[in-house]
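Beneath this line is the structure, given in structure tokens, with notes to follow.
The values are calculated or read from the model by the stated rules, or taken from the named source; none is laboratory data. Not measured: the values here are computed from a predicted model. Calculation scope for accessible area: heavy atoms of the full protein, side chains included, ligands and nucleic acids excluded. Shrake-Rupley method; radii C 1.70, N 1.55, O 1.52, S 1.80 Å.
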Amino acid sequence: MVNDFIYNSNLNQISEGVSTWKSPSNIALIKYWGKKPNQIPLNSSLSFTLNSCYSQTKVSYQKRKNNNKNFFFLFKGKSKPSFENKLSEFFKRIEKYCPYLFQLELKIESSNSFPHSSGIASSASSYSALSLCIMDIEKKLNPSLSDSFFFQKASFISRLGSGSACRSTIGFFSIWGKTKLYKESSDLYAVKYPNNIHEIFNNICDTVLIVDKGKKEISSTIGHKLMEEHAYSKDRLVQAEINLEKLKNALEKGDYDLFIKVVELEALSLHAMMMTSDPYFILIKPNTLLIINLIWNYRKEKNSKICFTLDAGANIHLLYPKKEFNLVQEFIKNDLAQFCESKQFINDSIGNGPFKL
Ligand code: DP6
């Protein structure tokens, strides 16, 4: 329940301190697309965290001396007014749950291990890292907090920053959004994938191809909003649940072909929703389609287990088993690189989740 996360302990003993967390980004296989008020997702989503694409956030805090701003934000050592506005909004949203933050002056220093607008969700990793730092402050005020509550509340508050961030506070595979398929699931926070996952998925690689370096024309937040009045909204919810069940079977039984089918169907369905909303929009580029066709041909010819997924943009995440790494690198170099705007490929793999520094 939402009320479980309201802070009602002492506010007096706040002193100063520093907390630093590293949190990975994540890539969704079942896509979160569409939300209700208060960042409640329309459908449940499933993702895995990445290994080397992460945000590192340091929060230094001391007692607030006056009524001036309660936080300062630096990205790679420089101030970023556009982020500050988003952060103010975030702090307002979490005020009820973390009132102690308003008794403090925070200096938030953040950086990402990956380039901006690369198709890797920096909002997910950065809100996750920040929320974990905030929970460190709460733990200082209330040392009896259990580890499970610590991470659950971190996921809960990071969701109020960016929905997909709540899946980054938990490593490996996680799910967010209530579904009858997993009794542990919740709309309020993400949970670790509760069932066994077949070992063939233990070392999935994710190489991001930057097809388009530009900033996307429509933010995810607007895209989510358009699902409210979308003609296919109800059917999309049914489809997402069916796909989640299929992916559950694939993950648990080790069925890679079913995995590929569901992951690609989800990526294309996400973009189909964008193309059929009012107003409609297209975020993929001609080269995105070209590359998708090359992936399909390659998979057939080489009997490969490579597949793709997309987020709300033109860039492509290539997913494949680690044993295919060298062959896939050759494929990228020889056939795909020419259709990418950046020749810098981000090679990552499934990872273990956030950790405190
Ligand atoms: C396409 O989490 O960025 O990446 O909650 O408005 O911050 P907000 O949206 P955001 O949406 C991510 C959408 C997606 C799919 C996904 O990650 O599940």
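Structural remarks
- Principal-axis tilt of helix 233-253 within the chain, Cα atoms, nearest 10 degrees: 80 degrees
- In summary, the aspartates and glutamates within cross-link reach of Lys78, defined as a Cα separation below 13 angstrom excluding same-chain residues under 8 places away, comprise Glu109.
- In this structure, the residue pairs whose Cα-Cα separation is over 26 Å, taken from Lys58/Lys248; Lys35/Lys180; Lys92/Lys140; Lys213/Lys323; Lys192/Lys356; Lys285/Lys305, are Lys58/Lys248; Lys213/Lys323.
- Tyr280, Tyr232, reordered so the largest accessible area comes first (probe 1.4 Å): Tyr280, Tyr232
- Spatially proximal aspartates and glutamates relative to Lys36 (Cα-Cα < 14 Å; intrachain offsets below 8 disregarded): Asp187, Glu228, Glu229
- Cα-based helix-to-principal-axis angle, 122-141 vs the chain, degrees rounded to 10: 30 degrees
- Put simply, the amide H of Ile204, placed in the peptide plane, has neighbours under 5 Å in Ile350, leaving out anything fewer than 5 places away on its chain.
- Area accessible to solvent at Thr57, 1.4 Å probe radius, in Å²: 0 Å²
- In degrees, nearest ten, helix 256-275 long axis to first principal axis of the chain (Cα): 70 degrees
- Available extension along the chain between Glu228 and Glu330 is 32.4 nm, counting 0.36 nm per residue and deducting the alpha carbon span.
- Radius, Kirkwood style, for segment 264-357 when every pair of distinct Cα atoms is counted (Å): 14.8 Å
- Per-residue ³J(HN,Hα) for segment 306-319, Karplus 6.51 cos²θ - 1.76 cosθ + 1.60, θ = phi - 60°, Hz, x for Gly and Pro: 6, 8, 10, 9, 10, 9, 7, x, 8, 7, 10, 9, 8, 10
- Nonpolar atom fraction for the chain, defined as the carbon and sulfur part of the 1.4 Å probe accessible area, stands at 52 percent.
- Alpha-carbon centroid distance for the pair segment 254-300 / segment 143-170, whole angstrom: 30 Å
- Solvent-accessible surface of segment 232-296, taken per residue with a 1.4 Å probe and all protein chains present: 48 Å².
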